[in-house]
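Worksheet for the structure shown next.
The values are calculated or read from the model by the stated rules, or taken from the named source; none is laboratory data. The shown structure was predicted, so the numbers you read here are calculated from the model rather than taken from an experiment. All Cβ positions, glycine included, derive from the backbone under ideal geometry; neighbour counts span all protein chains shown. Ligands, DNA and RNA are excluded from the accessible area calculation, which covers all protein heavy atoms including side chains. Shrake-Rupley method; radii C 1.70, N 1.55, O 1.52, S 1.80 Å.
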Amino acid sequence: MKRYAFLSMVTFALFGCGGSDGGSDSSAQAAPSAIEGTIDSVSTTTVTVNGYTYQATSASFQGQTFDQDMLTLEPNMMVKVSNQYRATNSSVELEPTFIGQIESINRLNSTFSIAGVNLKFPRLSTNIVNGDWVMVSSMPTANAGYKVLSVVKFLQDPLDGEMVAEGRVSALDTNSLSFKIGSSLTISFDPRVVQDKRTLADGMWVEVQGQYDESNGELIPSRITIKTYNDFPNDGEIEGIVTWVAKDKSEFELNYRGRIAVRSNTEFDDGNKNNLLAGALVEVEIGKQGNALYAKEIEFEDDFDFDIDWDQFEFEEEGRVTNIDSNTHSFTINGKAIVTDAYTEYENRIDFESLNGECVDVEGIVIDSKHIAREISLEDDCID
């Protein structure tokens with residue numbers, strides 16, 4: 001691997017051009033103005049992401065300055081490259097799932113942990129030992145898991161003792177001011193550290209930076225960033241995992257972070273609309289209409305090793321709503337408890353408060369044994 005200098009956000013100087021690796025025809029296209037995905041390859045002067053090669057002289061994470069001996073840029077690391085606010089220059093930012101101290105390495109089982117979160121990676125370098133500071137890149141899996149793509153070592157503590165963790169918000173308690181990300185990491189927070197002043201809600205995808213209290217097994221954040229794809233430009237491209245698909249294939253969710261519509265003129269590469277299933281690894285060219293996102297093109301990738309059958313974490317239920325609970329944002333259909341979250345959508349001009357007694361069809365996902373509604377629509381009749 002080549003050494004790669006990381007400088008502050010102010011000193012970015014990247015120049016995009018069509019690449020020759022990956023993608024069916026990326027070599028014939030201009031590089032997107034913003035692209036988020038995994039690194040294909042890296043040299044002393046270039047980085048290639050999703051088949052597009054950029055002349056690269058600097059990169060950053062939240063403005064932190066790392067010299068060239070601090071971190072080695074490697075394939076499969078998740079990054080975001082953007083030139084949407086500049087005429088020629090671009091910026092590249094690391095997009096880690098975790099930055100923290102690695103512990104409990106078990107090379108026989110290919111497992112390790114960060115802040116009590118158990119992870120698995122068969123290709124962990126023998127140069128990485130317990131206590132090292134590392135950056136972990138991953139994709140989400142069904143049931144709030146993480147599919148680790150790379151683990152890269154920092155030569156010293158990169159964030160003055162703070163760590164970083166990303167995940168889906170669950171078990172939010174506004175009284176104790178706590179929530180979980182993933183299936184196990186507890187966050188105890190001050191609402192003032194939420195960066196864009198939005199109100200946190202279950203289902204949101206967040207990046208949390210702060211101090212890990214090992215004695216209590218809690219992460220105390222200095223910063224919470226709610227991550228969506230709303231800021232992606234009209235020609236942006238995102239690589240990720242499809243985490244939910246509407247029954248009629250009219251829309252899907254990507255990386256638990258945003259809903260993307262499928263239109264009649266959406267193009268498909270290396271597959272078709274029937275291949276649009278939860279668990280599929282895709283590269284999506286984004287279009288925007290107002291604040292709504294739609295897919296201009298969806299390219300399917302076939303080199304992703306799925307550890308989990310996503311089908312078992314999907315559900316559909318039709319029936320009459322009872323036991324609506326505004327405190328837990330839940331209701332019951334046919335004796336089954338269903339909860340709503342930040343990404344639940346309501347059709348037919350209904351909302352949560354008007355659900356009680358209605359005959360509805362609910363499509364959703366199952367995370368940690370909870371049935372979470374993704375789409376709720378009215379039905380003409382129910383058998384009572």
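Brief remarks follow.
- Among the conditions (1) touching a helix residue (DSSP H, G or I) at 6+ places or on another chain (Cβ under 9 Å); (2) surrounded by fewer than 18 Cβ atoms within 10 Å (Cβ to Cβ); (3) closer than 16 Å to E363 by Cβ, the only one that D248 does not satisfy is (1).
- Some residue of the range 101-113 being more than 20 Å from Q211 (Cα to Cα), hydrophobic (A, V, I, L, M, F, W, C) and free of Cβ contacts under 8 Å to residues at least 60 places away in the same chain: yes
- Yes/no for G290 being out of contact with any Cys (no Cβ under 9 Å at 6 or more places or on another chain), under 22 Å from G236 (Cβ atoms), modelled with pLDDT under 95 and not acidic (D, E): yes
- Consider the range 201-230 and keep the residues that are in a loop (DSSP other than H, G, I, E, B) and open to solvent by less than 20 Å² (accessible area, probe 1.4 Å). The one that is nearest to E95 (Cα to Cα) is Y229.
- Scanning the range 66-88 for residues that are open to solvent by 10 Å² or more (accessible area, probe 1.4 Å), at pLDDT below 85 and closer than 21 Å to S150 by Cα yields D67, Q68, D69, M70, T72.
- Residue list for the range 99-134, filter: within 17 Å of G167 (Cα to Cα), surrounded by 17 or more Cβ atoms within 10 Å (Cβ to Cβ) and in contact with a Ser or Thr (Cβ under 8 Å, 6 or more places away or on another chain): S113, V117, L119
For (1) among the small types (G, A, S); (2) touching a helix residue (DSSP H, G or I) at 6+ places or on another chain (Cβ under 6 Å); (3) surrounded by fewer than 16 Cβ atoms within 10 Å (Cβ to Cβ), each residue gets a yes or a no:
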residue: K336; (1), (2), (3): no, no, yes
residue: R349; (1), (2), (3): no, no, yes
residue: L355; (1), (2), (3): no, no, no
residue: I367; (1), (2), (3): no, yes, no
